[in-house]
Amino acid sequence: MEIEDMNLEENQNLEENQNLDMVLEPKVGTLFNFEDEAKECYSTYAKSRGFGVVIKFSKKRDNGVKTNISYGCHQSGKPRTMALNPVKAHPTTKIECKAGMNISLQVDGKWMLNSIEQNHNHEMDSEKVKYLKCYRNIPPHAMRAIELNTAAGITLNKIIASCEIEAGGPNNLMWTNKNARNHKDKQRRLQLKEGDAEAMHKYFVRMQKDNGDFFYVIDHDEDYRLQHVFWADARSTELYKEFGEVVTFDTTYLINKHNMPFAPFYRDSHRNAIITDQCRAMQNAISQVFPNARHRRCLWHIMNKVPDKFKSYDQYKPIKTSLKSVVYDSLNPKEFEQN
């Protein structure tokens, strides 16, 4: 049985290597629809040749939009050590390798491969390359599986074994047991620790003592564990009296840092309208809780999709300029509709 397992593993490695050998070399002039598409293409090629990929530098406009990106070999850069104790310093992997590629943003929103350097000043190992840090990223679905199963009391070894089966074997996992343990430890550190809820309550009490208009409510479950928190400072309370026509419910902060969503919202006493991101669950909830309110999508999310919807058109830039003018410069509904 052990011999069969060894043969199976060898066949899997052989098949994987054959697939990697078929990866085409990126060519100058290649166009990519997105920045991530360019990076994925180069990363796939790099892995097939036995080296990792890092971002050497990127150039941005004043508005923060990237215009040029340079990807390099993981051994690019000057050798240096960051260890405080030279005796215990780890050997650096930076040996000023010049291999890499450069891409630039085009007028139509696509990215063009401008130049590529294929020569490395070191040997490469396509067998060990998968253990490089740049390729050992746990995908979101696996992270969630680790978190949920850990909360259910399942051991990490069993969780990893389940992920290996789902991936079709341990060789298909792009992350190691150490990555899984690090993620589990990180989540444990980010959970609300004993005393955190009490510290927050003391903070609210102090805020209310300083300003009697500060309002808060803390809700606990049957085991007296923190379940819901609401607070409103005096400034926010006064502002909604003056600008209280719309409810904005923002779940951008759903980061699970403390395994709890943080959703700031601004409410109108008459609930004429409510603005959220694009979420079917929110849409259904709003129709039940606020049946008379007009539900609208967040403007930022709508405008953020303009490049994806229009960048394939020859007149993309004039279209974008005109659309922004209509959205941001219209002073009344009639003017907006006419434009």
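The values are calculated or read from the model by the stated rules, or taken from the named source; none is laboratory data. Computed from a predicted structure; not experimentally measured. Every residue, glycine among them, receives a Cβ derived from its backbone with ideal geometry; neighbour counts consider all protein chains shown. Remember, those area values only see protein heavy atoms, side chains included, never the ligands or the DNA or RNA. Shrake-Rupley method; radii C 1.70, N 1.55, O 1.52, S 1.80 Å.
In the range 11-41, of all residues being touching a helix residue (DSSP H, G or I) at 6+ places or on another chain (Cβ under 8 Å), among the aliphatic types (A, V, I, L, M) and surrounded by 14 or more Cβ atoms within 10 Å (Cβ to Cβ), the one that is modelled with the lowest pLDDT corresponds to Leu20.
Cβ-Cβ distance below 6 Å, separation of 6 or more or different chains: which pairs start in the range 310-339 with a residue that is among the aliphatic types (A, V, I, L, M) and end on one that is part of a helix (DSSP H, G or I)? Qualifying pairs under 6 Å: Ile319/Phe310. Within the range 310-339, the set of residues being assigned to a helix (DSSP H, G or I) and surrounded by 12 or more Cβ atoms within 10 Å (Cβ to Cβ) comprises Phe310, Tyr316, Lys317, Ile319, Lys320, Ser322, Leu323, Lys324, Val326, Val327, Phe336. Listed by first and then second residue, the pairs linking a residue in the range 121-132 that is modelled with pLDDT under 80 to a residue that is hydroxyl-bearing (Ser, Thr, Tyr), with Cβ atoms under 8 Å apart and 6 or more places separating them unless they lie on different chains, are Ser126/Ser48; Val129/Tyr135; Tyr131/Thr176.
The residues in the range 279-309 that are open to solvent by 80 Å² or more (accessible area, probe 1.4 Å) and more than 13 Å from Thr248 (Cα to Cα) can be counted, and the count is 10. Condition check: aliphatic (A, V, I, L, M), open to solvent by 40 Å² or more (accessible area, probe 1.4 Å), modelled with pLDDT of 75 or more and within 22 Å of Lys186 (Cβ to Cβ). Does Ile154 satisfy that? When the stated conditions are applied, Ile154 passes them. Could you tell me whether Asp268 is in contact with a Cys (Cβ under 7 Å, 6 or more places away or on another chain) and modelled with pLDDT under 80? Considered against the rule, which asks whether it is in contact with a Cys (Cβ under 7 Å, 6 or more places away or on another chain) and modelled with pLDDT under 80, Asp268 comes out as no.
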